[in-house]
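S.K.: For reference, the structure I am asking about is given below.
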Amino acid sequence: EGAIVLLFILMFILASVFVEDFFDSSNIINLVRQISFLAIIGLGQFFVILIGGIDMSVGSTIGLVSILLADLLSSYQLPIALAIIIVLAVTLVVGLVNGMIAVYGHVTPFIATLITMIIIKGINFLYSNGIPISGLPREFNFLGAGHVGPIPFPIIILVLIGAICYILTMKTSLGRSLYAVGGNLEATKLSGINTNRVRIFAFMMSSFLAGIGAILITSRTMSGQPAIGEAMLFDIITIVVLGGTSLSGGRGKVIGVIFAALILGIIDNVM
(Lines give C-alpha, C1' and ligand atoms only; values in the text may rest on other atoms or scores of the structure.)
Protein backbone atom coordinates (compact mmCIF):
# COMPACT_ATOMS: atom_id res chain seq x y z
CA GLU A 1 0.00 0.00 0.00
CA GLY A 2 2.81 2.39 0.87
CA ALA A 3 4.74 1.41 -2.26
CA ILE A 4 1.85 2.28 -4.59
CA VAL A 5 1.48 5.72 -2.97
CA LEU A 6 5.22 6.39 -3.29
CA LEU A 7 5.16 5.26 -6.93
CA PHE A 8 2.29 7.65 -7.63
CA ILE A 9 4.13 10.57 -5.97
CA LEU A 10 7.32 9.79 -7.91
CA MET A 11 5.52 9.58 -11.25
CA PHE A 12 3.57 12.76 -10.51
CA ILE A 13 6.77 14.67 -9.71
CA LEU A 14 8.59 13.39 -12.80
CA ALA A 15 5.65 14.20 -15.06
CA SER A 16 5.34 17.68 -13.55
CA VAL A 17 9.05 18.38 -14.14
CA PHE A 18 9.56 16.87 -17.59
CA VAL A 19 6.16 17.10 -19.33
CA GLU A 20 5.01 20.51 -20.50
CA ASP A 21 1.68 21.70 -19.08
CA PHE A 22 1.18 18.50 -17.06
CA PHE A 23 0.91 20.40 -13.78
CA ASP A 24 -1.66 22.79 -15.23
CA SER A 25 -4.77 22.73 -13.03
CA SER A 26 -7.10 22.04 -15.96
CA ASN A 27 -4.98 19.04 -17.00
CA ILE A 28 -4.91 17.63 -13.46
CA ILE A 29 -8.68 17.93 -13.14
CA ASN A 30 -9.12 16.35 -16.57
CA LEU A 31 -6.78 13.48 -15.60
CA VAL A 32 -8.70 12.67 -12.41
CA ARG A 33 -12.03 12.89 -14.27
CA GLN A 34 -10.78 10.46 -16.90
CA ILE A 35 -9.68 7.85 -14.36
CA SER A 36 -12.82 8.22 -12.23
CA PHE A 37 -14.83 5.95 -14.57
CA LEU A 38 -12.13 3.26 -14.51
CA ALA A 39 -11.60 3.54 -10.74
CA ILE A 40 -15.31 3.14 -9.93
CA ILE A 41 -15.55 -0.02 -12.03
CA GLY A 42 -12.22 -1.23 -10.60
CA LEU A 43 -13.58 -0.90 -7.07
CA GLY A 44 -16.33 -3.34 -8.02
CA GLN A 45 -13.80 -5.81 -9.42
CA PHE A 46 -11.83 -5.35 -6.19
CA PHE A 47 -14.60 -7.05 -4.19
CA VAL A 48 -14.51 -10.17 -6.37
CA ILE A 49 -10.72 -10.45 -6.47
CA LEU A 50 -10.64 -9.89 -2.70
CA ILE A 51 -12.58 -13.15 -2.21
CA GLY A 52 -10.21 -14.98 -4.57
CA GLY A 53 -12.36 -14.77 -7.70
CA ILE A 54 -12.47 -12.66 -10.85
CA ASP A 55 -15.31 -11.12 -12.87
CA MET A 56 -14.73 -11.36 -16.61
CA SER A 57 -18.23 -10.12 -17.43
CA VAL A 58 -17.78 -6.47 -16.39
CA GLY A 59 -16.93 -5.32 -19.93
CA SER A 60 -20.09 -6.85 -21.36
CA THR A 61 -22.11 -5.53 -18.40
CA ILE A 62 -20.88 -2.01 -19.16
CA GLY A 63 -22.06 -2.41 -22.76
CA LEU A 64 -25.43 -3.79 -21.63
CA VAL A 65 -26.04 -0.86 -19.28
CA SER A 66 -24.92 1.62 -21.94
CA ILE A 67 -27.29 0.46 -24.70
CA LEU A 68 -30.22 -0.28 -22.37
CA LEU A 69 -29.98 3.10 -20.66
CA ALA A 70 -29.62 4.92 -23.99
CA ASP A 71 -32.64 3.10 -25.40
CA LEU A 72 -34.79 3.80 -22.34
CA LEU A 73 -33.94 7.50 -22.55
CA SER A 74 -34.15 7.98 -26.31
CA SER A 75 -36.77 5.50 -27.56
CA TYR A 76 -39.01 5.21 -24.49
CA GLN A 77 -38.23 8.70 -23.13
CA LEU A 78 -38.31 7.57 -19.52
CA PRO A 79 -37.27 10.01 -16.77
CA ILE A 80 -33.52 9.85 -16.19
CA ALA A 81 -33.84 8.72 -12.56
CA LEU A 82 -36.24 5.87 -13.45
CA ALA A 83 -34.04 4.69 -16.32
CA ILE A 84 -31.01 4.64 -14.02
CA ILE A 85 -32.89 2.64 -11.38
CA ILE A 86 -33.91 0.07 -14.03
CA VAL A 87 -30.40 -0.46 -15.41
CA LEU A 88 -28.88 -0.70 -11.93
CA ALA A 89 -31.48 -3.33 -11.05
CA VAL A 90 -30.38 -5.24 -14.16
CA THR A 91 -26.75 -5.11 -12.97
CA LEU A 92 -27.76 -6.60 -9.63
CA VAL A 93 -29.45 -9.46 -11.47
CA VAL A 94 -26.31 -10.03 -13.55
CA GLY A 95 -24.19 -10.09 -10.38
CA LEU A 96 -26.63 -12.44 -8.69
CA VAL A 97 -26.50 -14.85 -11.65
CA ASN A 98 -22.70 -14.74 -11.68
CA GLY A 99 -22.62 -15.46 -7.96
CA MET A 100 -25.18 -18.26 -8.14
CA ILE A 101 -23.30 -20.03 -10.94
CA ALA A 102 -19.97 -19.70 -9.14
CA VAL A 103 -21.22 -20.56 -5.64
CA TYR A 104 -24.06 -23.04 -6.07
CA GLY A 105 -22.98 -24.35 -9.47
CA HIS A 106 -19.47 -24.94 -8.09
CA VAL A 107 -17.98 -23.35 -11.21
CA THR A 108 -14.65 -21.52 -11.08
CA PRO A 109 -15.43 -17.75 -11.08
CA PHE A 110 -13.27 -17.24 -14.17
CA ILE A 111 -15.31 -19.77 -16.16
CA ALA A 112 -18.66 -18.72 -14.65
CA THR A 113 -18.21 -15.07 -15.57
CA LEU A 114 -16.67 -15.95 -18.94
CA ILE A 115 -19.92 -17.75 -19.75
CA THR A 116 -22.06 -14.76 -18.75
CA MET A 117 -19.67 -12.43 -20.59
CA ILE A 118 -20.28 -14.27 -23.86
CA ILE A 119 -24.04 -14.43 -23.29
CA ILE A 120 -24.35 -10.73 -22.41
CA LYS A 121 -22.10 -9.76 -25.32
CA GLY A 122 -24.45 -11.61 -27.67
CA ILE A 123 -27.49 -9.93 -26.11
CA ASN A 124 -25.84 -6.52 -26.53
CA PHE A 125 -25.31 -6.93 -30.25
CA LEU A 126 -28.73 -8.49 -30.83
CA TYR A 127 -30.43 -5.69 -28.90
CA SER A 128 -28.59 -2.87 -30.64
CA ASN A 129 -27.81 -4.54 -33.99
CA GLY A 130 -24.24 -3.46 -33.30
CA ILE A 131 -25.17 0.20 -33.84
CA PRO A 132 -24.63 2.97 -31.23
CA ILE A 133 -27.86 4.41 -29.81
CA SER A 134 -28.00 8.20 -29.73
CA GLY A 135 -30.63 10.88 -29.13
CA LEU A 136 -30.18 11.11 -25.35
CA PRO A 137 -31.60 14.16 -23.51
CA ARG A 138 -29.14 17.02 -23.12
CA GLU A 139 -29.53 17.23 -19.33
CA PHE A 140 -28.26 13.63 -19.03
CA ASN A 141 -24.80 14.85 -20.08
CA PHE A 142 -24.33 16.46 -16.64
CA LEU A 143 -23.61 13.12 -14.95
CA GLY A 144 -20.53 12.43 -17.03
CA ALA A 145 -19.42 15.89 -18.08
CA GLY A 146 -20.98 18.36 -15.62
CA HIS A 147 -19.33 20.27 -12.78
CA VAL A 148 -20.24 21.14 -9.20
CA GLY A 149 -18.32 24.38 -8.88
CA PRO A 150 -14.85 23.67 -10.30
CA ILE A 151 -15.05 19.91 -9.60
CA PRO A 152 -16.28 17.50 -12.30
CA PHE A 153 -19.28 15.48 -11.14
CA PRO A 154 -17.66 12.04 -11.84
CA ILE A 155 -14.88 12.90 -9.37
CA ILE A 156 -17.47 13.58 -6.67
CA ILE A 157 -19.11 10.22 -7.39
CA LEU A 158 -15.70 8.49 -7.19
CA VAL A 159 -14.95 10.07 -3.81
CA LEU A 160 -18.36 9.05 -2.43
CA ILE A 161 -18.11 5.49 -3.71
CA GLY A 162 -14.50 5.19 -2.56
CA ALA A 163 -15.48 6.34 0.95
CA ILE A 164 -18.40 3.88 1.08
CA CYS A 165 -16.23 0.99 -0.12
CA TYR A 166 -13.52 1.89 2.41
CA ILE A 167 -15.98 1.95 5.31
CA LEU A 168 -17.64 -1.25 4.11
CA THR A 169 -14.40 -3.22 3.83
CA MET A 170 -12.50 -1.81 6.81
CA LYS A 171 -15.14 -0.93 9.40
CA THR A 172 -17.87 -3.58 9.12
CA SER A 173 -18.25 -7.28 9.87
CA LEU A 174 -19.14 -7.87 6.22
CA GLY A 175 -15.80 -6.39 5.21
CA ARG A 176 -13.96 -8.68 7.61
CA SER A 177 -15.89 -11.60 6.15
CA LEU A 178 -14.77 -10.66 2.62
CA TYR A 179 -11.13 -10.75 3.70
CA ALA A 180 -11.69 -13.99 5.59
CA VAL A 181 -13.32 -15.73 2.62
CA GLY A 182 -10.45 -14.69 0.38
CA GLY A 183 -7.87 -15.76 2.95
CA ASN A 184 -9.25 -19.20 3.74
CA LEU A 185 -12.70 -20.23 2.52
CA GLU A 186 -12.95 -23.51 4.46
CA ALA A 187 -11.81 -21.99 7.76
CA THR A 188 -14.32 -19.17 7.30
CA LYS A 189 -17.13 -21.70 6.75
CA LEU A 190 -16.16 -23.52 9.94
CA SER A 191 -16.20 -20.25 11.88
CA GLY A 192 -19.94 -19.92 11.16
CA ILE A 193 -19.88 -17.20 8.49
CA ASN A 194 -22.32 -17.63 5.61
CA THR A 195 -19.64 -17.68 2.92
CA ASN A 196 -22.15 -18.20 0.08
CA ARG A 197 -23.88 -14.92 0.82
CA VAL A 198 -20.57 -13.09 1.13
CA ARG A 199 -19.35 -14.39 -2.23
CA ILE A 200 -22.61 -13.58 -4.00
CA PHE A 201 -22.53 -10.09 -2.48
CA ALA A 202 -19.04 -9.56 -3.97
CA PHE A 203 -20.25 -10.47 -7.47
CA MET A 204 -23.28 -8.19 -7.12
CA MET A 205 -21.05 -5.29 -6.03
CA SER A 206 -18.85 -5.87 -9.07
CA SER A 207 -21.78 -5.68 -11.49
CA PHE A 208 -23.43 -2.80 -9.63
CA LEU A 209 -20.34 -0.57 -9.67
CA ALA A 210 -19.72 -1.54 -13.31
CA GLY A 211 -23.24 -0.24 -13.93
CA ILE A 212 -22.52 3.08 -12.21
CA GLY A 213 -19.34 3.47 -14.25
CA ALA A 214 -21.26 2.63 -17.42
CA ILE A 215 -23.89 5.28 -16.65
CA LEU A 216 -21.19 7.94 -16.29
CA ILE A 217 -19.42 6.82 -19.48
CA THR A 218 -22.68 6.81 -21.44
CA SER A 219 -23.44 10.28 -20.13
CA ARG A 220 -19.97 11.46 -21.14
CA THR A 221 -20.23 10.09 -24.70
CA MET A 222 -24.00 10.72 -25.01
CA SER A 223 -24.49 7.43 -26.81
CA GLY A 224 -25.13 3.80 -25.96
CA GLN A 225 -22.47 1.50 -27.40
CA PRO A 226 -22.60 -2.31 -27.11
CA ALA A 227 -18.82 -2.80 -27.10
CA ILE A 228 -17.85 0.25 -25.04
CA GLY A 229 -16.60 -1.76 -22.06
CA GLU A 230 -14.73 -4.58 -23.77
CA ALA A 231 -11.43 -2.70 -24.06
CA MET A 232 -11.60 -1.72 -20.38
CA LEU A 233 -11.44 -5.22 -18.87
CA PHE A 234 -7.64 -5.51 -18.89
CA ASP A 235 -7.20 -2.03 -17.36
CA ILE A 236 -9.80 -2.81 -14.69
CA ILE A 237 -8.00 -5.96 -13.57
CA THR A 238 -4.63 -4.20 -13.86
CA ILE A 239 -5.48 -1.39 -11.43
CA VAL A 240 -6.86 -3.84 -8.86
CA VAL A 241 -3.74 -6.01 -8.94
CA LEU A 242 -1.34 -3.06 -9.27
CA GLY A 243 -3.07 -1.54 -6.25
CA GLY A 244 -1.93 -4.44 -4.08
CA THR A 245 -4.92 -6.77 -4.18
CA SER A 246 -3.81 -10.41 -4.22
CA LEU A 247 -5.24 -12.54 -7.06
CA SER A 248 -5.46 -15.39 -4.57
CA GLY A 249 -7.68 -13.25 -2.34
CA GLY A 250 -7.61 -12.05 1.24
CA ARG A 251 -5.40 -8.99 0.77
CA GLY A 252 -5.96 -5.53 -0.70
CA LYS A 253 -7.16 -2.01 0.05
CA VAL A 254 -9.59 0.38 -1.60
CA ILE A 255 -7.05 3.21 -1.53
CA GLY A 256 -4.58 1.05 -3.48
CA VAL A 257 -7.06 0.61 -6.33
CA ILE A 258 -7.64 4.35 -6.58
CA PHE A 259 -3.92 5.19 -6.57
CA ALA A 260 -3.27 2.48 -9.19
CA ALA A 261 -5.94 4.07 -11.40
CA LEU A 262 -4.21 7.44 -10.95
CA ILE A 263 -0.88 5.90 -12.00
CA LEU A 264 -2.45 4.42 -15.12
CA GLY A 265 -4.07 7.80 -15.78
CA ILE A 266 -0.72 9.60 -15.51
CA ILE A 267 0.83 7.19 -18.01
CA ASP A 268 -2.01 7.73 -20.50
CA ASN A 269 -1.98 11.49 -19.94
CA VAL A 270 1.78 11.83 -20.39
CA MET A 271 1.83 9.68 -23.50
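The values are calculated or read from the model by the stated rules, or taken from the named source; none is laboratory data. Given the structure is predicted, the values throughout are model-derived calculations rather than measurements. Neighbour counts run over all protein chains shown; Cβ positions are idealised from the backbone, glycine included. These area figures cover heavy atoms from the full protein model, side chains too; ligands, DNA and RNA do not enter into them. Shrake-Rupley method; radii C 1.70, N 1.55, O 1.52, S 1.80 Å.
S.K.: How do 168, 158 rank by accessible surface area computed with a 1.4 Å probe, from largest to smallest?
M.R.: 168, 158
S.K.: Residue 60: net charge of surrounding residues, Cβ under 14 Å, Lys/Arg +1, Asp/Glu -1, itself excluded?
M.R.: Taking every other residue near residue 60 into account, the sum is -1.
S.K.: For the chain, modelled as a GNM with alpha-carbon contacts under 10 angstrom, which of 21, 71, 235 fluctuates the most?
M.R.: The residue that fluctuates most here is 21.
S.K.: When only C-alpha pairs under 8 Å and at least 6 residues apart count, what is the relative contact order of the stretch 12-102, in percent?
M.R.: Working: 25 pairs, mean separation 12.7, N = 91.
Normalised by residue count, the contact order of the stretch 12-102 is 14 percent.
S.K.: Quick one: go through the stretch 20-40 and flag any residue whose amide nitrogen is under 13 Å from the point 7 Å out along the Cα-to-Cβ line of residue 271.
M.R.: Under 13 Å, as judged by backbone N against the label point of residue 271, lies no residue of the stretch 20-40.
S.K.: Right, next: What's the FRET efficiency of residue 238 with residue 75 using the Cβ-Cβ distance as r and R₀ = 35 Å, to the nearest 0.05?
M.R.: On the way: r = 36 Å, r/R0 = 1.02.
The formula returns an efficiency of 0.45 here.
S.K.: On to the next question. Averaged per residue, what accessible surface does the chain expose to a 1.4 Å probe, in Å²?
M.R.: 45 Å²
S.K.: Roughly how many debye, to the nearest 20, is the charge dipole of the stretch 177-252 about its Cα centre, given +1 on each Lys and Arg Cβ, -1 on each Asp and Glu Cβ, and no other charges?
M.R.: Working: 5 positive and 3 negative charges, 45 e Å.
With Lys and Arg at +1 and Asp and Glu at -1, about 220 debye.
S.K.: Between residue 16 and residue 139, what length in nm is gained on full extension when 0.36 nm per residue of separation is reduced by their alpha carbon distance?
M.R.: Between residue 16 and residue 139, full extension yields 40.7 nm more.
S.K.: Please compute the contact order of the stretch 128-271 in relative form: average sequence separation of alpha-carbon pairs under 8 Å and at least six residues apart, divided by the residue count, as a percent.
M.R.: Numbers: 127 pairs, mean separation 43.8, N = 144.
Computed value for the stretch 128-271: 30 percent relative contact order.
S.K.: Taking the Cα centre of the chain as origin, sum charge times position over the Cβ atoms of Lys and Arg (+1) and Asp and Glu (-1), and report the length of that vector in debye to the nearest 20.
M.R.: 780 debye
S.K.: Give me the one-decimal nm value for the distance between modelled label points at residue 118 and residue 197, 7 Å along each residue's Cα-to-Cβ direction.
M.R.: If labels sit at residue 118 and residue 197, their model points lie 3.4 nm apart.
S.K.: Per the helix-only calculation at 222 nm, which mean residue ellipticity applies to the chain, given -39500 (n - 2.57) for every DSSP H run of n ≥ 4 and division by its residues, nearest 500 deg cm²/dmol?
M.R.: One gets -24500 deg cm²/dmol as the mean residue ellipticity at 222 nm.
S.K.: State, as an integer percentage, the relative contact order of the chain based on alpha-carbon contacts under 8 Å between residues 6 or more apart. Mind showing how you got there, number by number?
M.R.: On the way: 471 pairs, mean separation 110.0, N = 271.
Over the chain, the number comes to 41 percent.
S.K.: Sequence-distant or interchain residues sharing an amide H contact under 5 Å with residue 147, placed H: which?
M.R.: Hits under the 5 Å cutoff: 153.
S.K.: Shifting gears a bit: Could you tell me whether the chain comes out rounded, prolate or oblate from its Cα gyration tensor? Rule is a ≥ b ≥ c as square roots of the eigenvalues, rounded for a/c under 1.5, then prolate if a/b exceeds b/c, otherwise oblate.
M.R.: Oblate, because a/c is 1.5 or more while a/b does not exceed b/c.
S.K.: Among 205, 240, 107, whose Cα lies farthest out toward the positive end of the dipole of the chain, if unit charges sit on the beta carbon of Lys, Arg (+1) and Asp, Glu (-1)?
M.R.: 107
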